[in-house]
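The values are calculated or read from the model by the stated rules, or taken from the named source; none is laboratory data. Fair warning: this is a prediction, and the values are worked out from it, not measured in the lab. When we count neighbours, we look across all protein chains shown, and the Cβ atoms used for this are built from the backbone with ideal geometry, even at glycine.
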There are 2 protein chains.
Amino acid sequence: MTDGFEIPPSLSVKGNETIAKEILSRIWGKKGVFTCTVGNTLTSTIPGVSDAGDTPELTLFTGPADAELLVLGKTVCMKGIPINPGGIPTPGTLTIAALNLSGMPRHIINAGCKVVPNIPFYDVGGTYGESITTGKAVKDPELLFERGKVLGELFAKDNNYLIVSESIAGGTTTAMATMMAMGVMRENLVSSSSPKNPKELKTKLVNSALETAGIKIGDCAKDPLRAVGCVGDPMIAVNAGMIVGAAKHVPVIVGGGTQMAAVIAVAVAMDESVVGNIFQGTTRWLVNDPNSDIEKIMAGIHKDVPIVYVNMDYSKSPYEGLQAYEWGYIKEGVGCGGSSVAAIIASAGKLTCEDILDEVHRLYRQILGIE
Amino acid sequence: MTDGFEIPPSLSVKGNETIAKEILSRIWGKKGVFTCTVGNTLTSTIPGVSDAGDTPELTLFTGPADAELLVLGKTVCMKGIPINPGGIPTPGTLTIAALNLSGMPRHIINAGCKVVPNIPFYDVGGTYGESITTGKAVKDPELLFERGKVLGELFAKDNNYLIVSESIAGGTTTAMATMMAMGVMRENLVSSSSPKNPKELKTKLVNSALETAGIKIGDCAKDPLRAVGCVGDPMIAVNAGMIVGAAKHVPVIVGGGTQMAAVIAVAVAMDESVVGNIFQGTTRWLVNDPNSDIEKIMAGIHKDVPIVYVNMDYSKSPYEGLQAYEWGYIKEGVGCGGSSVAAIIASAGKLTCEDILDEVHRLYRQILGIE
């Protein structure tokens, strides 16, 4: 079935290449629907945890502002666009470039926000997550999973495939805690939006959260929603549900890095039948990150969920804010990898990383008002 | 352009047939996206105003329950399906039949509900409407209109056309008040879900609402959102925004009866450029209703917004609950007319009213558990 199907140089695969090619060949040249699930977890306001915002409090604006940017092309809840310290722009700039070039429809899902985005969004009955140190991080994860499932089925009804993604600051810490509770990860392998990944702080927080919740590593292997409820975030529950709801009918591209690995872990544990119809869609930056190990994380979750990543390279960009991606900043988020992979799929491989970079530059100048 | 285009016997047109044919020919054989905007107005809890619910208080469950039915195929917020006294089922049964047959995607928009539907829905920042007798019926109609506009643009991005519709009990009264405030209607021409249209009560309420708000007939001709804010309901503001946002890009089928006429009135007054890219999609029952006059209402709004209606006929149905539609009950709601018209369009006229009736019967037996 995949004989003769060749992956173009803009994309690469890690993990089970046969499954990756099989799924790709089914949706090659077809357009999908892009979704981004945003939320807040108070975990991001613990000083030092998240760099996705100029101050710990401002990290709560990052997801909602990204959502506004995707829908309106500008932010309303904050001035300017979400940036990491040092002026590095949100990966949402890449996402918008990919969506513009592919003409894919986009929908925002609010998994639970303290800062409510000023746009129409899909509501799933969620509230923002508490800090994982409470051991009670997410209210009613079953409801969020169930609503996500209904939404996944809804989007699968009339689309060739679905892209799910996230923007929630502090999310690598909640992802790590969730995967430790499930036992699919037993050491800190998760990424960070900063090249100085605050590994020790995260490990300390996660251990303390698990202890408070009375969970030992692997305790929640068969009860992933307990893991999410105790030490996860609302985005994980909703997106896991969306995967399970949609993947019964159409392929799902799980767009994102280590945060979305946790989502895959929960989805696979809830319904293993999704395997074979999903892959992770991410970026070269994330896969090559020396401070995290997505391949090892994914291998711990399931051997048959491959990684397809886009070979975007900002090293020759004239803008320092974009070059920073090559120095280990950002790497993923707002579905930038998944939407880029999808844009290339939709074009049947005709669209290249260079085309996408041109559009990123155009947007970058437009958003930052540079001539 | 429309030479040779023939309207099949399943559909009929009132008003400007040239425009109707021109729009139909552009979308003939193409699939659209269906939306239903639900909400509550406390106007429906005034005894005698609405028959959409067994008691005045239960009318608040009708819109939300219809939304659940469209998405889940069953209701959660109440037992059984929304019915009018006498066991006549919600027009949502016809809507679901049309959506099933056409495979159209469906999205629910919550314009403002007191009874929140237990499903994922689009949130537009709305709250439920107060009774029009307060003269302050809708909080921040400008925001709702604006969010609706963004949503209309979003849906227009990747769809050939958009269907907007409503389920909000008490909505013909708020529609009448809004149209009187705008001066596009100067006498009570609106419909009712009961054959005993409580015209006197509605007229009394509307007059009292307008007086409380300090509005004389026609005062809001150039300020339609003031009309909605004082004496309308949240659905009107959101759907008018959706029309304005979408009709710039793709045709919009405004699915519904006199309630949606008020929506058209607001949309046209906000942005007359929508004319030529919209028509009202409704039912034979509504057009032939002896107790209301949709043709006269629409003529008062704009001469170039035609009515396309589906010739559904339940007179030979073996079920009394459905036959009741022929006796003047229900007539419209939940976009049943618009979705049926759209299903026929999507099939390029191959689908007939008989096909739709067969599916309604199948659903009716399934929902009511009849063998």
Test residue B:320 against the stated conditions and say whether it is among the charged types (D, E, K, R) and either crowded, with 19+ Cβ neighbours inside 10 Å or closer than 19 Å to residue B:100 by Cα (or both). no
Restricting attention to segment B:221-238, the residues that are within 18 Å of the chain's Cα centre (by Cα), over 17 Å from residue B:208 (Cβ atoms) and not aliphatic (A, V, I, L, M) number exactly 1
Restrict the check to segment B:162-175 and report whether at least one residue is of a type in the set (Asp, Glu) and buried (at least 22 other Cβ atoms within 10 Å of the Cβ). yes
Read through the list (1) under 20 Å from the mean Cα position of the chain (by Cα); (2) touching a residue at least 24 places away in the same chain (Cβ under 8 Å), then give the number of the only condition that residue B:58 fails. (2)
Filter segment A:1-57 down to the residues that are modelled with pLDDT of 95 or more, hydroxyl-bearing (Ser, Thr, Tyr) and in a loop (DSSP other than H, G, I, E, B) and list them by number. A:10
Index of the failed condition, residue B:109 passing every other in (1) over 16 Å from residue B:34 (Cβ atoms); (2) within 14 Å of chain A (Cβ to nearest Cβ): (1)
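If we keep just the residues of segment A:163-205 that are part of a helix (DSSP H, G or I) and polar (S, T, N, Q), which is farthest from the other protein chains (Cβ to nearest Cβ)? I'd like the intermediate steps shown before the answer.
Going residue by residue through segment A:163-205, those that are part of a helix (DSSP H, G or I) are A:171-182, A:199-205.
Next, only the ones that are polar (S, T, N, Q) stay: A:172-174, A:178, A:203.
Numbers: A:172: 26, A:173: 27, A:174: 22, A:178: 22, A:203: 35 Å.
Ranking the qualifying residues of segment A:163-205, first place goes to A:203.
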Candidates B:143, B:162, B:151 - the one that is free of Cβ contacts under 8 Å to residues at least 60 places away in the same chain and under 18 Å from residue B:267 (Cα atoms): B:143
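Residue check: is residue B:160 under 19 Å from residue B:254 (Cβ atoms) and in a loop (DSSP other than H, G, I, E, B)?
Yes; evaluated as a whole, the condition is true for this residue.
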Restricting to segment B:112-124, and then to whatever is in a loop (DSSP other than H, G, I, E, B) and within 14 Å of chain A (Cβ to nearest Cβ), can you tell me which residue is surrounded by the fewest Cβ atoms within 10 Å (Cβ to Cβ)? B:116
Members of segment B:252-276 found to be part of a loop (DSSP other than H, G, I, E, B) and either of a type in the set (A, V, I, L, M) or in contact with a Gly (Cβ under 9 Å, 6 or more places away or on another chain) (or both), listed by number: B:256, B:257, B:275
So, of the residues in segment A:125-148 that are in a helix (DSSP H, G or I) and either surrounded by 24 or more Cβ atoms within 10 Å (Cβ to Cβ) or at pLDDT below 95 (or both), which turns out to be farthest from the other protein chains (Cβ to nearest Cβ)? A:132
In segment B:289-312, the residues that are part of a loop (DSSP other than H, G, I, E, B), at pLDDT 95 or above and exposed (fewer than 15 other Cβ atoms within 10 Å of the Cβ): B:303
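Yes/no per residue for (1) under 27 Å from residue B:146 (Cα atoms); (2) acidic (Asp, Glu):
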position	(1), (2)
B:265	yes, no
B:306	yes, no
B:316	no, no
B:326	no, yes
B:330	no, no
B:343	no, no
B:353	no, no
B:360	no, no
Output for segment B:1-45, where each listed residue is more than 14 Å from every other protein chain (Cβ to nearest Cβ) and of a type in the set (Phe, Trp, Tyr): B:5, B:28
